[in-house]
Amino acid sequence: MQFPGVLRFTMRVPWLTTASPWFLPILQWNPPALASRRAVRILNYMVQYSQARFDAAFAALSDVTRRGVLEQLGRADASITDLAELFQMTLTGMKKHVGVLERAGLVSTEKVGRVRTCRLGLRRLQAEAAWIERYHRLWAARFDELDKLVEELKEKEKVDGRRKKQ
């Protein structure tokens, strides 16, 4: 008997015969039959909302060198050669870092002659900061509730301890 939304096991191993008592389970998802198509569309829309933009920005910010490049460009524009010397890297390595920042929209480059100058991009991180702030408020509220619960348990423990002494 199959239940909707339950994992089922099947076997597909060419070197095993069908008469063999051994099997290797392979996980397969049996999607729930009760889910409507409309609900799935809404869920997919919510999952895909701004995901690529956030992923690119957070991926770019995940590296210490790229964060340093952004900090340096916040002070003044610089060429890739200058940045490579500052961070003691090869030109190829710095070009790759700048490329990641450029794809995320955090840096823009302009080539004049043989020199490629980097500057901070037009895109700011307001959406990412708002996303982080939303989760900060959520976790702060959860920790406040946890603190209240711990305080209640401590008070209850004190009261129970007094009753046992009497």
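The values are calculated or read from the model by the stated rules, or taken from the named source; none is laboratory data. Values in this document were obtained by computation on a predicted structure and should not be read as measured data. Cβ: placed from backbone, ideal geometry, glycine included. Neighbour counts: every protein chain shown. Quick note on the areas: whole protein, heavy atoms, side chains included, nothing else; ligands and nucleic acids left out. Shrake-Rupley method; radii C 1.70, N 1.55, O 1.52, S 1.80 Å.
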Straight-line reach from K111: which aspartates and glutamates have Cα under 20 Å away, leaving out those fewer than 8 places along the same chain?
-> D77, D82, E85, E102
Please label the shape of the range 105-156 as rounded, prolate or oblate, based on the square roots a ≥ b ≥ c of the eigenvalues of the alpha-carbon gyration tensor (a/c under 1.5 means rounded; beyond that, a/b larger than b/c means prolate, else oblate).
-> prolate
Once S62, S79, S108 are ranked on solvent-accessible area with the largest value leading and a 1.4 Å probe, the list reads S62, S108, S79
Rounded percent of accessible protein surface that carbon and sulfur make up, the range 84-166, 1.4 Å probe = 56 percent
For the range 54-166, rounded, prolate or oblate, judged on the Cα gyration tensor with a ≥ b ≥ c (square roots of eigenvalues), a/c < 1.5 rounded, else prolate if a/b > b/c?
-> prolate
Set of lysines with alpha-carbon distance to K156 below 22 Å, sequence-local pairs under 8 removed = K148, K164, K165
Using r as the Cβ-Cβ distance of S62 and E155, and R0 as 41 Å, what FRET efficiency do you calculate, to the nearest 0.05?
-> 0.40
Count charges around F87 for me, please; just the other residues with Cβ under 15 Å from its Cβ, Lys/Arg as +1, Asp/Glu as -1.
-> +1
Accessible area per residue, 1.4 Å probe, Å², for the range 103-162: what's the number?
-> 83 Å²
